[in-house]
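Take a look at the structure set out below.
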Amino acid sequence: MPKKLMVVVTIILIFLSALFGYSFYEQEFMDKPVPANAMASHWALLICAVTALVAWYVSKIAIITKVEDEHLFVSLGKFGKTKVALKDIESVEDKKGNPAAEFLGYGYRVKLKQLGYIGRGKAAIELTIKDQKRTLVITTDNASSLKEALRYEHAATESL
């Protein structure tokens with residue numbers, strides 16, 4: 001997702017949060033009567049809180065990628081954890097194009113022949129994994145160092 005679109009979505013979420021927050025404040029603290037067809041104050045507060053939480057979460061999405069010993073670990077913070085044995089990685093290639101646009105957003109994404117950990121990274125790599133129908137796409141700020149780490153660790157595990 002382009003940065004400008006991300007800013008627009010965040011602004012809309014903040015506006016909705018403020019709107020429902022003010023609705024709650026008006027009903028509870030300014031003693032304005034609630035019209036017959038209006039939203040109850042507890043629902044306004046709930047929508048305000050959920051919208052603010054979603055805006056915060058979207059702004060904090062980060063992909064964590066670690067190459068340790070014999071495994072590659074990829075996660076979205078506490079969610080969407082994947083562990084791949086380095087010996088099962090058949091190929092590592094640069095991913096061309098814009099992964100966020102191709103996968104229609106950020107986060108853990110599933111396509112017909114691909115799984116993706118899509119973040120705001122400017123580059124991406126695509127891994128072909130043995131006995132997997134889907135390739136794994138990971139966005140990163142430094143694709144060359146991630147590819148090098150995978151090759152180095154993969155070579156180290158093969159020599160053992």
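The values are calculated or read from the model by the stated rules, or taken from the named source; none is laboratory data. Computed from a prediction, not measured in an experiment: that's the story for all the values here. Cβ atoms come from the backbone with ideal geometry, glycine included; neighbour counts cover every protein chain shown. Just so you know, the surface numbers come from the protein's heavy atoms only, side chains and all, with ligands and any DNA or RNA stripped out. Shrake-Rupley method; radii C 1.70, N 1.55, O 1.52, S 1.80 Å.
Points to keep in mind about this one:
- Tabulated pairs, the stretch 12-30, first more than 16 Å from T51 (Cα to Cα), second among the hydrophobic types (A, V, I, L, M, F, W, C), C-beta under 6 angstrom, 6+ apart or interchain: Q27/V34
- Of the residues contained in the stretch 55-65, none is found to be of a type in the set (F, W, Y) and open to solvent by less than 80 Å² (accessible area, probe 1.4 Å).
- Leading residue by the ranking (nearest to the chain's Cα centre (by Cα)) among those in the stretch 116-144 that are of a type in the set (D, E, K, R) and more than 14 Å from D94 (Cα to Cα): R120
- Answer from E126, E93 - the residue that is surrounded by fewer than 16 Cβ atoms within 10 Å (Cβ to Cβ) and within 17 Å of K147 (Cβ to Cβ): E93
- Selection count, the stretch 5-42, where residues are part of a helix (DSSP H, G or I), modelled with pLDDT under 75 and farther than 15 Å from S59 by Cβ: 1
- For first residues located in the stretch 102-117 and on the phi < 0 side of the Ramachandran plot and free of Cβ contacts under 8 Å to residues at least 40 places away in the same chain, partners that are in a loop (DSSP other than H, G, I, E, B) and surrounded by fewer than 16 Cβ atoms within 10 Å (Cβ to Cβ) and lie 6+ apart or on another chain with Cβ distances below 6 Å form the pairs K113/R134; Q114/R134; L115/R134.
Here's the yes/no breakdown for (1) open to solvent by 50 Å² or more (accessible area, probe 1.4 Å); (2) closer than 19 Å to L13 by Cβ:
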position	(1), (2)
L45	yes, yes
E68	yes, no
F73	yes, no
Y106	no, yes
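- Close pairs from the stretch 51-64: first without any contact (Cβ under 8 Å) to a residue 24 or more places away in the chain, partner among the charged types (D, E, K, R) and outside any loop (DSSP other than H, G, I, E, B), Cβ under 7 Å, at least 6 apart: none
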